Amino acid sequence: MENFFNNTNQQDFTPLETQYDDLKDNYKQIFVEAAESIRSEVNKFKPSNPCTVCTVKDCKIEKKDVFTPYPPNCAYREWQLKILAFLAGDYRQKLKNTYKMMMDKKSEYACSRCGACCRLAASEFSYPQLKQKAMKGDKFASDFVSVFVPFEKEEDAKKVNPEYFQLLNELVEEQKIYYYYCPKLSGNECSDYENRPDVCKDFPHNPLKLLPSSCSFNEWKKSVSRTAMMLKAKVDIIEFYKNKLG
Ligand code: SF4
Ligand code: SF4
């Protein structure tokens with residue numbers, strides 16, 4: 001393990017277990033904040049005193065909540081439709097801008113070329129599944145199988161980076177996970193750097209991804225993780241609104 005970290009200062013990195021626990025604990029709280037924030041936005045469209053002018057006979061709806069089913073000619077149904085349009089329009093654009101800012105910030109950090117992401121990569125898909133996805137036009141899968149090959153035994157993957165291996169295993173819990181490595185890595189250097197595919201150039205593709213502790217993008221991840229979690233929570237909540245109100 002000494003050699004493995006020789007390009008990095010280990011003291012700068014949060015241990016992986018802590019990263020994962022922090023993510024889980026923070027996400028619950030952030031999800032509640034995101035739900036409250038969206039609720040406050042959608043409440044701005046809530047009609048005031050619509051029932052005083054409503055012509056629907058014998059309305060029995062007592063709880064005038066955003067998720068209550070309303071008849072088509074009800075002002076609260078109009079409210080729900082406005083919410084759907086808002087979430088799919090202005091609000092979605094706002095989230096897209098935040099996403100872009102977060103990804104742009106990544107350019108402030110540089111790969112320290114520790115080689116950890118080339119030595120051990122994980123996927124929920126087996127090699128034949130990835131090849132099939134690649135044949136169907138999935139760019140990520142196509143890039144991935146163009147360089148990565150599967151470890152023959154999980155034990156071999158574990159030896160490469162036991163800490164990262166354990167963390168990835170814990171993350172997916174009961175789901176099967178497949179481990180890969182790139183044979184083009186020579187020492188800590190890519191032997192085909194100029195031709196490496198986007199899957200390598202863009203790593204890490206997302207700040208919520210678990211990273212090896214030696215990865216210099218952990219600093220980027222730390223600086224945007226709250227934003228990333230808030231975005232994820234909002235996207236999940238919007239999906240919930242769409243399903244309930246659509
Ligand atoms: S092609 Fe190069 S950069 Fe990509 S995984 Fe292989 S060694 Fe790493
Ligand atoms: S992206 Fe991160 S893990 Fe991969 S080589 Fe660069 S610093 Fe290491």
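Any read-out appearing in this document is the output of simple, stated calculations on the displayed coordinates, not a laboratory observation. All of these numbers come straight from a predicted model, not from anything done at the bench. Positions of Cβ are generated from backbone atoms using ideal geometry, with glycine treated the same way; all protein chains shown enter the neighbour counts.
Brief remarks follow.
- Only DSSP H runs of four or more residues enter the estimate; each adds -39500 (n - 2.57), and after division by the residues of the chain the mean residue ellipticity at 222 nm equals -16500 deg cm²/dmol.
- Here the relative contact order of the stretch 114-202, from alpha carbon pairs under 8 Å that lie six or more residues apart, stands at 44 percent.
- In this structure, the amide hydrogen of Tyr70, modeled 1.01 Å from its nitrogen in the peptide plane, lies closer than 5 angstrom to no residue at least 5 positions away or on a different chain.
- Considering only Cys200, Val145, Ala157, and ranking their Cα positions along the charge dipole of the stretch 118-205 that arises from unit charges at the beta-carbon of Lys, Arg, Asp and Glu, the one farthest toward the positive end is Val145.
- Placing +1 on the Cβ of every Lys and Arg and -1 on the Cβ of every Asp and Glu, with no other charges, gives the stretch 114-202 a dipole of roughly 280 debye about its Cα centre.
- Estimated inter-spin distance, Lys242 and Thr52, nm [label 7 Å along Cα→Cβ]: 3.7 nm
- Alpha carbon centroid spacing (whole Å) that separates the stretch 119-180 from the stretch 187-246: 17 Å
- Extension gain for Phe45 to Leu81 (0.36 nm times residue separation, less C-alpha to C-alpha distance): 12.0 nm.
- Whether the stretch 114-202 is rounded, prolate or oblate, judged on the alpha carbon gyration tensor where a/c under 1.5 counts as rounded: oblate
- Mean Cβ neighbour count within 10 Å, used as a protection proxy, ranking 206-213, 56-63, 43-50, 150-157 highest first: 206-213, 150-157, 43-50, 56-63
- For the chain, the Stokes-Einstein estimate of translational diffusion at 10 °C and a viscosity of 1.306 mPa s comes to 75 µm²/s, using the Kirkwood hydrodynamic radius over alpha-carbon pairs.
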